[in-house]
1. Return the whole-Å distance between the Cα centroid of the stretch 13-83 and the Cα centroid of the stretch 87-127.
2. Helix 172-183 versus the longest principal axis of the chain: what angle, 0 to 90°, nearest 10, using Cα atoms?
3. With an 8 Å Cα cut-off and a minimum separation of 6 or more residues, compute the relative contact order for the stretch 5-178 in percent.
4. Could you give the angle, 0 to 90 degrees to the nearest 10, between helix 121-131's Cα long axis and the longest principal axis of the Cα atoms of the chain?
5. Please find the FRET efficiency linking Glu141 to Asp120, where r is the Cβ-Cβ separation and R0 is fixed at 25 Å, and quote it to the nearest 0.05.
6. If I model a spin label at Lys64 and Ser99 as a point 7 Å from the Cα along the Cα→Cβ vector, what separation in nanometres do I get?
7. Share of antiparallel DSSP beta bridges in the chain, in percent to the nearest 5?
8. For the pair Ala170/Thr106, report the inter-label distance in nm, with labels modelled 7 Å from Cα in the Cβ direction.
Amino acid sequence: MTCITDKNINGQLKYNIVLCGIKHCGKTTVGKALAAVLNVPFVDTDDLIVERDGGTRSVREIFKTEGEEYFRKMEADILTELASQPQKMVIALGGGAFSNSFVSDTVKHDLGFKVWLDTDDRTAYERIKAEGLPPFLQNAEDPERAFAEMNIARKEIFRKWSDFQCVPSATPEDTARTITDRCLQ
């Protein structure tokens with residue numbers, strides 16, 4: 001297991017902890033709980049994209065209005081900046097960040113220690129459905145199946161890039177404890 005703290009510097013993080021997973025896997029809620037446990041900043045890249053865009057539109061609106069290329073280039077710029085920050089933090093990535101062709105493999109590597117929150121498709125689909133299905137799912141003949149099919153490719157990417165796979169527990173706090181128990185040495 002990779003050690004992500006340096007005991008010689010009072011347990012400070014040596015790397016960012018990056019949470020990845022399918023949409024609605026709990027990256028933000030677990031990320032906030034983990035950042036609180038570690039006493040480090042929490043950053044959600046979707047929030048940074050909204051902020052950088054002017055703060056008046058949601059990620060979904062930005063993607064729909066400006067297109068995928070605009071969105072992915074902005075995401076790539078943000079990830080590049082985060083990978084080079086000296087301050088270590090917990091980072092929640094959007095589901096497509098590791099498949100973003102505008103992000104170099106070097107940046108993907110340099111982001112830090114990557115934890116894949118492996119939430120089952122059914123749970124994630126119920127969460128996204130409660131929020132309101134995005135257009136590509138609204139127009140699908142079987143939205144739940146379309147969601148699961150989209151996640152097949154994403155899960156392969158998370159498997160490739162993650163350093164640790166974690167099935168989220170009952171609460172974000174429990175999941176944060178699992179991550180710290182398994183990853184911090």
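Taken together, the values in this text are just the output of simple stated rules run on the coordinates, not laboratory data. No experiment lies behind these values; they were computed from the predicted model shown. Counting neighbours? That spans all protein chains shown, and the Cβs are built from the backbone with ideal geometry, glycine included.
1. Computed from Cα coordinates, the inter-centre distance equals 9 Å.
2. Between helix and principal axis, roughly 50 degrees.
3. 34
4. Relative to the chain, helix 121-131 is tipped by roughly 70 degrees.
5. Once rounded, the FRET efficiency stands at 0.70.
6. The two pseudo-label positions are separated by 2.0 nm.
7. 15
8. 4.7
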